[in-house]
Amino acid sequence: MKPNGRAIGYLRVSTDQQAESGLGLKAQEAAIRSAASRLRLDLIRVFIDGGMSGKLAIEHRPVLLEAVGALRRGDMLLVAKRDRLGRDVIAVAMIERLIAKRGARVVSAAGEGTENDDPSAMLMRRLIDSFAEYERLIISARTRAALAAKRKRGERTSPLTQKIVQTIVKRAANKAGVRAGVHILRHTFCSHLAMRGAAARAIQELAGHKDLLTTQRYMHLSPAAIESAVSLLDVPSVLSGRGDILETVERETGKSRV
């Protein structure tokens, strides 16, 4: 069946952690692909904005600008929900105006008044955008209140940076009277997990290795790996059908057994 038109997908999460874990992005992509199938749209490309706040103006969101730039007349920018465009009413209105100038439109997989442009649908869109902004302001207010309470209790409120981690590890090493650093600590952590029989995939997840090959460097320490290697000697069928080893040596060297 011929598609009803083209669609460009746009996904956004607010933090780098969400982007790295895939949580949220996977759900959004599933939603827009389902919507594209339901609306019989040809989803030609999906743009992913990882770790990008929805309160930023469009000029500070290069991935969104690229997605808008890929739109042609009659296309649709497909999002899981309207708040993926942003959480500022004015900013979202500007984004929609920019898309409209290209002869395209925004479609939400959740509906949210994006089905058409009649007055009730437009009112629904504005209400949803207002609630998204209100939610952002509430989250911001709660965060400020929580940080103020932590400061009052004398607790750290600054983010855990690489330098802070290095300082903490150095102090602990000095206190224990050993020479250690962050890399040595992580190496030791992975080594002990491997020696206790932890699965390579679990070690990869805990250590934050991007490539499983990095984790597999530690797996030679695994008792399971050693046992499986030794157990190969207990399998009598390994040499079955291959003749006598000494006979094979005779043929290759030309020497006979005494």
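Where a number appears in this text, it was derived from the coordinates with a stated rule and is not lab data. On a predicted model such as this, the values are computed, not experimentally measured, just so you know. Heads up, the Cβs are rebuilt from the backbone with ideal geometry, glycines too, and the neighbour counts pull from every protein chain shown.
How many angstrom lie between the C-alpha centres of segment 49-122 and segment 175-190?
Here the answer is 48 Å between Cα centres.
What ranking of Arg102, Arg12 emerges when the number of other C-beta atoms within 10 Å of each C-beta is taken as an exposure proxy, fewest first?
Arg102, Arg12
Can you give me the distance in nm between label points at Ala173 and Asp211, each placed 7 Å from the Cα along the Cα-to-Cβ direction?
2.5
Please arrange Thr161, Thr15 by counting, for each residue, the other beta carbons lying within 10 Å of its beta carbon, fewest first.
Thr161, Thr15
Under a crude label model (7 Å from the Cα following the beta-carbon direction), how far is Ala148 from Val63 in nanometres?
3.3
For Leu78, Leu212, Leu56, what ranking results if the residue with the fewest other Cβ atoms within 10 Å of its Cβ goes first?
Placing the least packed residue first, the sequence is Leu212, Leu56, Leu78.
To the nearest 0.05, what FRET efficiency results for Ala141 and Asp234 with a Förster distance of 51 Å applied to their C-beta separation?
0.15
Please compute the modelled spin-label separation between Ser37 and Ile184, points set 7 Å along Cα→Cβ, answer in nm with one decimal.
Placing both labels 7 Å beyond Cα along the Cβ direction yields 5.4 nm.
Please compute the length gained on full extension between Arg73 and Ala30, using 0.36 nm multiplied by the number of residues separating them and subtracting their Cα-Cα distance.
Length gained, Arg73 through Ala30: 13.0 nm.
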